[in-house]
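Worksheet: the structure to be examined is printed underneath.
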Amino acid sequence: MITLGIDTSNYATSVALVDNDTHKVIFSEKRFLPVEEGKIGLRQQQALFEHIKNLTNIFDSLKGIDIGAVGVSVRPKDDTDSYMPCFLAGKMSAYSIGGTMGVPVIESSHQTGHLTSALFDLNKEELFDKTLLMLHVSGGTTDILLAENGVVKKTLGSSMDLFAGQAVDRLGVKLGFPFPAGQYVSDLAENCDDKISNLKISVKGYNCNLSGLENQCDKLLSQGYSKEYVCKYCLTFIAKTLIKIIQNVKEDLGDMPLVLAGGVMSSSVIKSIVTENIPGAMFVKPQFSSDNAIGVAVNAHRKVTNG
């Protein structure tokens, strides 16, 4: 069965086709929403407008594909009160296509889409049947989650102020890079050989505070530290924060599989630090870690085939 996935997050429009019988992604396109130079995001009405334009163009290139179901993310998280208008663009498109073709439409959260995409890339079917932890770290979340049967069940902890992706993007934009700026920050950080030490992270239980990170990066820049050093400082701070949260959760709940997803988790700098300190931490390829529609397409197949 080929399933269509649609994801319209606050960052990007994503469409994917997954052949679940051969475990292959046969089409995947992601278009970042255009953000004015120097800005760090879009208003929801503008994001909705940009999604509609992007979807019109992307769907125009998909003709004659026989699909068995449509998967779509309709809200940011699995919480009952989770809502963001930009997801309405994907929901409208999914039900239009599903109704016209006579195939089921399967809704999920953007967050569960990230989980399913990661598990699909890891290609370990047994993980879908296990209770596991997922760290979802992006521009809109810094969450440690409990998942069961391939679906996010509970948020254990979060950032209490600034999200990790926001800290990274704000630094990148200050350095003159376009939004979202995560890849540029990570690339600069990789060019720094200095060791980052004496970090004063703020973690209480399963929650953290990251607003101080932005101030510390600003201070380092004003003191004349190189862009490369400040970028590495930023990503190291985030990595050390995540490590402490993971350690706290595992100390209380015991050891269980850990999957890391979200755009920030595409950073090789963060991956290197986390894997050195958390054996068995499972990262996935950037294509499957950042915002994409692959996960919601896979989730649609699993829901339909499992009834």
Hey, could you grab the Kirkwood Rh for the stretch 235-307? Inverse mean 1/r over distinct alpha carbon pairs, Å, one decimal.
13.7 Å
For the stretch 95-146 and the stretch 1-70, compute the distance between their C-alpha centroids and round to whole Å.
15 Å
Low-density loop cleavage sites - trypsin sites (Lys or Arg not before Pro) in the stretch 103-175, where at most 15 other Cβ are within 10 Å (DSSP):
Lys124, Lys130
So what is the relative contact order for the stretch 125-233, in percent, with contacts set as C-alpha pairs under 8 Å and at least six apart?
23 percent
Trypsin sites (Lys or Arg not before Pro) within the stretch 23-71, DSSP loop, no more than 15 other Cβ atoms inside 10 Å
Lys39, Arg43, Lys63
Tilt of helix 164-174 relative to the longest C-alpha principal axis of the chain, in degrees (0 to 90, nearest 10)?
70 degrees
Normalised convex hull volume, the stretch 130-286, alpha-carbon set, Å³ per residue
105 Å³
Ratio of Rg to Rh over the stretch 167-249 (Cα coordinates, Kirkwood Rh, two decimals)
0.97
Answer label for P(r) over Cα pairs in 10 Å bins from 0, in percent (calculated), chosen among (1) 6, 29, 34, 23, 8, 1, 0; (2) 6, 25, 29, 22, 13, 5, 0; (3) 6, 22, 18, 12, 10, 9, 7, 7, 6, 2, 0
(1)
Within the stretch 178-279, report the GluC sites (Glu not before Pro) that DSSP leaves as loop and that have at most 12 other Cβ atoms within 10 Å.
none
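Laboratory data are not the source of any read-out in this text; all were calculated from the coordinates shown. This structure is a prediction, so every number in the text was calculated from the model and none was measured. Heads up, the Cβs are rebuilt from the backbone with ideal geometry, glycines too, and the neighbour counts pull from every protein chain shown.
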